[in-house]
1. Could you pull out the residue among 45, 55 that is without any contact (Cβ under 8 Å) to a residue 60 or more places away in the chain, of a type in the set (Gly, Ala, Ser) and surrounded by 15 or more Cβ atoms within 10 Å (Cβ to Cβ)?
2. Inside the range 87-124, can you point out the residues that are modelled with pLDDT under 90 and exposed (fewer than 15 other Cβ atoms within 10 Å of the Cβ)?
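The values are calculated or read from the model by the stated rules, or taken from the named source; none is laboratory data. Keep in mind that what you see is a predicted model, and the values were worked out from it rather than measured. Positions of Cβ are backbone-derived with ideal geometry, glycine not excepted, and every protein chain shown enters the neighbour counts.
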Amino acid sequence: MQALCQNDAHGSGVRATTEAFITAAQEEGATAGTLAYVRELVTLARERRQRFSKAIQAAGSAWDVERMDLVDRNVIRVALAELTLDQVPPKVVLNEAIEIAREYASAESARFVNGVLDRVYKDLRTRNGE
């Protein structure tokens with residue numbers, strides 16, 4: 001999420017930024033599996049940026065995605081990437097996204113992220129016939 005936010009804010013290359021965060025995480029003892037998962041999430045969030053933005057907009061957000069708070073939109077994008085990978089239970093993904101928004105943005109952001117992700121997830125489940 002930090003790499004995506006930095007890329008949005010400064011226009012720096014998301015790959016280089018991601019690798020800088022990966023290097024720092026390695027130095028702090030992150031496992032190879034964790035680092036591979038992080039790369040996969042960032043890559044997926046970047047590659048599907050437009051698709052995720054459309055899903056967020058379709059969920060009824062009154063704001064243009066690019067005008068949303070930087071942290072909010074990137075927390076949502078990473079959560080959508082994680083839901084797409086289908087490796088973590090959806091409730092865990094949603095709860096983690098809310099907590100990240102609460103920690104790095106505000107309580108209002110946490111409510112906003114919760115509302116958007118809940119609608120997007122319900123839309124996805126409906127389309128998948130669940």
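1. Working: 55 fails: without any contact (Cβ under 8 Å) to a residue 60 or more places away in the chain.
Criteria check complete, one pass: 45.
2. 106, 107, 108, 122, 123
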